[in-house]
1. So which residues in the stretch 155-186 are surrounded by 12 or more Cβ atoms within 10 Å (Cβ to Cβ), more than 30 Å from TRP126 (Cβ to Cβ) and of a type in the set (Ser, Thr, Tyr)?
2. Quick one: which residue in GLU324, GLU313, GLU272 is loosely packed, with under 10 Cβ neighbours inside 10 Å and farther than 30 Å from ILE247 by Cα?
3. Kindly provide the set of residues from the stretch 73-104 that are buried (at least 16 other Cβ atoms within 10 Å of the Cβ) and over 23 Å from PHE141 (Cβ atoms), ordered by number.
4. So for the stretch 220-231 (the condition being surrounded by fewer than 16 Cβ atoms within 10 Å (Cβ to Cβ) and at pLDDT below 85), does at least one residue qualify?
5. State whether one or more residues within the stretch 78-94 are closer than 25 Å to THR162 by Cα and either in contact with a helix residue (DSSP H, G or I) (Cβ under 6 Å, 6 or more places away or on another chain) or of a type outside the set (Lys, Arg) (or both).
6. Being aromatic (Phe, Trp, Tyr), at pLDDT 95 or above and under 18 Å from ARG193 (Cβ atoms) is true for just one of TYR69, TYR100. Which residue is that?
7. Residues that are in a strand (DSSP E or B) and surrounded by 11 or more Cβ atoms within 10 Å (Cβ to Cβ): does the stretch 34-41 have at least one?
Amino acid sequence: MDNDHIARVSYFERQFLRTQDFVDEQAYQIAMRRRHNIAHHRWGVVEGLKIVVEEGNLFVEPGMAIDGYGREVTLPQIQPISSDAFIDKGSSVLDVWLLYNRVGSDAAPNGFAGCNGNGDTPNYRWQETAQLLLTVPDPDFPDPRKPESVPVGDLEFGPARTPPDDPQNDWPVFLGRVTKSPKNEITIEHDNRPYISLIGESIIAPSGEVLIKLGAEDPDRDFAVFISRAEQENNTPHLAINNDGQIEVRGDTTLHGNLTLAGGSLEFKVGEARAPWSIYHAKDENLEQLRIEIAKTNSADNQFAIGHWSEEEKKFKECLTVDENCTITVHGNLVVEGLVRGNAARDAINLTTLGPGEEAKSFLIAASLTGIGGVPGLLQLFNINRLAPQDAGDLKMFRRAIFTNVRESLKSDKQQFETFLESLIEDEETVELIRKLLKQQS
């Protein structure tokens, strides 16, 4: 059998078998197995072969690797690395490699040696072994999948070629790098170790339900996972990575951990609410909303909160909370630029154009959000000259309600109350009316 053809022995009755027939039979089986190793897999470390240090001594643990020619390289026992290796190589940094080797064993007994006619001493067995190789790192060959000793034409060695068996055709498998400091401290790096991997376009579960597609089978996707036959038939994968880098997920997704959007955005397309404690985009006739939905338990225990982390108190501090009963609480100052509206159009005021002081504005907003009765009437006082005649009856009721609530809020300091009125209301008639109401109530 030569390198140009794949041939196996053909047996028949009463055939005279020569030594070469048995050699060819064995060579066929070995070559086909090694073709499988590099055709269906990518070469590298299979298992074990870690570099360890114990009591200042270096060892390589047992394990197995496949080299670039598809040959199995097995280390059955722990292998020491010479303590003099750094001195012998003249370097404090060494790369550790594993090589395929083959040695003869079980020598032929006396009387049978030399029977092959070529003068070689025959042996009954070939023993496949593993050999350690130590080298000084070469910056010209940084890729461990492209060892310096491998011919350039063999770096992409494929299964169509017959893998060599002679150890002279070496292919080192990188195991790691060891560094010895001036204080004899050993550092081990297993970075860039090549590992074996599978080669294929798809992975199919025995049931046929689950399918993973890879590569060019779908021109639009590089990776796709199907979890049912229906998804396969409709070409709608449960998880997909398109060739433009976009990731698609169908169905509910649970994330155990943090989600970081690095320079991106979160987009909500129109859908239906699935369960409480959710954020979703809803559309009802002409109304579209981005909704934050919390659970409803007929209590105030469930809340939506916006706040910040307090380093001093080591806890979360609310700035604004909304409970399930639609009660809004502002924990701090509230600045409004625009309108505050009540249940009717007349209750709307524009805080940016009325001119009261900042204290008066803050009082009004706080009162409005905490549910103080009569606030709509208090807001009306800002635009008292704009009231229509039919509103005059309501105005008196509003003013009395205003007085009751404001007095309770400021009863401890009458001077502050007077100052508040003057800063809040420019209409002297209204101010005087409230003063009279104050005397009547007291």
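The values are calculated or read from the model by the stated rules, or taken from the named source; none is laboratory data. Keep in mind it's a predicted model, so treat the numbers as computed, not measured. All Cβ positions, glycine included, derive from the backbone under ideal geometry; neighbour counts span all protein chains shown.
1. Within the stretch 155-186, THR179 is the sole residue that qualifies.
2. It is GLU313.
3. Hits for the stretch 73-104 are THR74, LEU75, GLN79.
4. Yes, that holds for at least one residue.
5. Checked the stretch 78-94: no residue is closer than 25 Å to THR162 by Cα and either in contact with a helix residue (DSSP H, G or I) (Cβ under 6 Å, 6 or more places away or on another chain) or of a type outside the set (Lys, Arg) (or both).
6. TYR100 is the lone residue from the list that is aromatic (Phe, Trp, Tyr), at pLDDT 95 or above and under 18 Å from ARG193 (Cβ atoms).
7. Yes.
Okay, residues lined up against (1) assigned to a strand (DSSP E or B); (2) closer than 22 Å to LEU255 by Cα; (3) hydrophobic (A, V, I, L, M, F, W, C); (4) in contact (Cβ under 8 Å) with a residue 24 or more places away in the chain:
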position	(1), (2), (3), (4)
GLU272	no, yes, no, no
ILE279	yes, yes, yes, no
ALA282	yes, no, yes, no
ILE292	yes, yes, yes, no
SER299	no, no, no, yes
GLY307	yes, no, no, yes
GLU313	no, no, no, no
LYS317	yes, no, no, no
